Amino acid sequence: MKINSFDLSAEYERLIERLTTVNYETVSDAILLQLISLILTHDCKKQTILKLKKSEFIEKWPKVIDAFERAVEYFRHTYRIPVSKLLPYNTLLVPFAYFFYYHPDKPDADQRAQLEDFFWRCSLGARYSSSVESKLAQDIRRIDRILKGHSPDYDWSIDISPEFLIENGWFNAGRSSIKAILCLYAYQQPKSFSDDAVVNISNYWLKQANSKNYHHFFPRAYLAKKEEEEWRINNIVNITIVDDYLNKREIGAKAPSVYMKTFKKANPNLEKSMKSHLIGDLERFGITDNDFEKFLYARAAAISAQLKKRLIERAVDARGQAQRSDDFEEEMAIFE
C-alpha cells in the first residue's frame with residue numbers, strides 16, 4: 001500500500017461497511033489504533049500512538065485488519081455473539097486480534113480453552129472499566145503466553161457461584177458482567193416461547209436497557225404486587241431474551257404459570273425452547289407454583305454451570321472467594 005495514497009479515514013469507513021453486514025459496526029477507530037500500536041511497540045498510550053511511524057503503520061495495516069476481522073468472526077461463530085452491542089467491551093477485540101495477527105489459523109484445543117478463559121475473566125471481572133491502556137499492555141503479554149502454549153497468570157479473581165450471581169445481578173445493560181451473561185444467553189440461540197423460532201438479536205434493539213426484547217421471566221408488575229424487592233425483580237437471573245411481539249402482546253403482567261400454559265398449547269417443543277433460555281423443568285424451576293425464590297436459585301445454578309464450563313479453575317479464584325466471604329462476615333458482624 002502506497003504511503004501517499006493511504007487515507008486512514010477512508011480505510012476505516014470501508015472496514016465499517018464490511019462490519020455492518022455482520023452487525024459489528026459499533027467498534028471505534030481507537031480500537032484499531034491501539035491494536036496497531038501494541039503490535040509495533042507493545043504499548044498503546046496516546047502519546048505512543050502519536051509517535052508511530054506512518055510507514056510502519058501503513059505497512060502493518062492490511063495484516064492488522066485481516067486479524068481484526070478474524071477476531072470478529074471468532075466472536076460471532078465460536079462464542080456466538082451475534083452483534084457487537086452484546087460485547088462486554090469492544091476492547092476485547094484488541095487482544096484477540098493480536099492473537100490472530102501472530103496466529104492466523106484456528107487456535108488449537110489448549111489455546112481455545114485459554115482464550116475462552118481469558119474472555120470470561122475479562123468480561124466478568126470488569127477488566128476494562130478503567131486504565132484500559134495499561135491493562136491492554138499487560139494482557140497482550142498474557143496472549144503472548146497463550147501463543148507459546150503456556151497458561152497466563154491472573155491477579156484478579158472470578159466468583160460464579162449462584163449466590164454471587166444473584167447478589168450482584170442488578171440488570172444494567174452497560175455493565176460488563178451483565179453483558180457477559182447476555183452473551184451466555186445469546187450463545188444458547190434462544191428460541192421463541194410461542195413457536196420455537198430463533199429469536200432475532202440486532203444492534204438496534206440492544207441500544208436500550210429497557211427494550212421489550214429483555215423480558216423479566218417473572219414479570220415486574222406481577223412481582224411488584226407481591227412486594228418483591230426491586231433488586232431481585234430487575235436481576236439478570238430473571239431476564240430472558242424474547243421477540244418484541246411476544247413480550248408486548250402475550251406475557252404482560254401474567255404469572256409465569258399462567259402464560260406458560262398458553263405457550264405449552266401453542267408450542268409442542270416448549271421444553272426444548274425453554275432450555276435455550278437456561279430454564280429447565282418447569283416444576284423444578286418453581287414456575288408451575290410461581291415460586292420466584294426457587295426460580296432465581298435454579299436459574300442462577302444453571303448460569304453458574306455454563307460459566308464453569310468456560311473458565312479454568314485457578315487458585316486466585318479460591319483466594320478471592322475466601323476474601324469476599326471474610327469481608328461479608330465482617331460486614332454482618334456490625335449488625336450483631
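The values are calculated or read from the model by the stated rules, or taken from the named source; none is laboratory data. In this text the structure is predicted, and so the values were computed from the model without any measurement. Glycine also receives a Cβ, built like all others from the backbone with ideal geometry; neighbour counts cover every protein chain displayed. Areas reflect the complete protein model, heavy atoms only, side chains present, ligands, DNA and RNA absent. Shrake-Rupley method; radii C 1.70, N 1.55, O 1.52, S 1.80 Å.
Rounded to the nearest 10 degrees, the angle from helix 93-102 to the longest Cα principal axis of the chain is 50 degrees. Stretched out straight at 0.36 nm per residue, the stretch from D144 to N269 would grow longer than its current Cα-Cα span by 40.4 nm. Distances between placed amide hydrogens fall under 5 Å for I239 paired with F217, all partners being 5 or more residues away or on another chain. Between the range 129-186 and the range 2-75, what is the C-alpha centre distance in whole Å? Here the two parts' Cα centres lie 24 Å apart. The structure-derived value of Rg/Rh (Cα atoms, Kirkwood Rh) appears in the list (1) 1.03; (2) 1.01; (3) 0.94 under the label (2).
With contributions of -39500 (n - 2.57) from each DSSP H run of at least four residues, the per-residue ellipticity at 222 nm computed over the chain stands at -16500 deg cm²/dmol.
Computed over protein heavy atoms with a 1.4 angstrom probe, the accessible surface ordering of W61, W170, largest first, is W170, W61.
Within the same chain, aspartates and glutamates fewer than 8 places from K148 are excluded, and of the rest, those with a Cα less than 19 Å from its Cα are D105, D108, D110, E116, D117, D139. Compared with the dominant principal axis of the Cα atoms in the chain, helix 109-124 is inclined by about 70°. Label sites at W61 and A10, each approximated as a point 7 angstrom past Cα along Cα to Cβ, lie 0.9 nm apart. Karplus-based coupling profile of the range 179-188, in residue order and whole Hz: 4, 4, 6, 4, 4, 5, 4, 5, 4, 6, with θ = phi - 60° in 6.51 cos²θ - 1.76 cosθ + 1.60 and x standing for Gly or Pro. Under 5 Å from the amide H of S151 lies no amide H of any residue 5 or more positions distant or on a separate chain, with H modelled from the backbone and absent for Pro and chain starts. Candidate cross-link partners of K45 among the lysines, defined by an alpha-carbon separation under 19 Å and a same-chain spacing of 8 or more, comprise K53, K54, K60, K135. Excluding same-chain neighbours fewer than eight residues apart, the lysines reachable from K265 by a Cα-Cα span under 28 Å are K191, K212, K225, K226, K248, K254, K275, K294.
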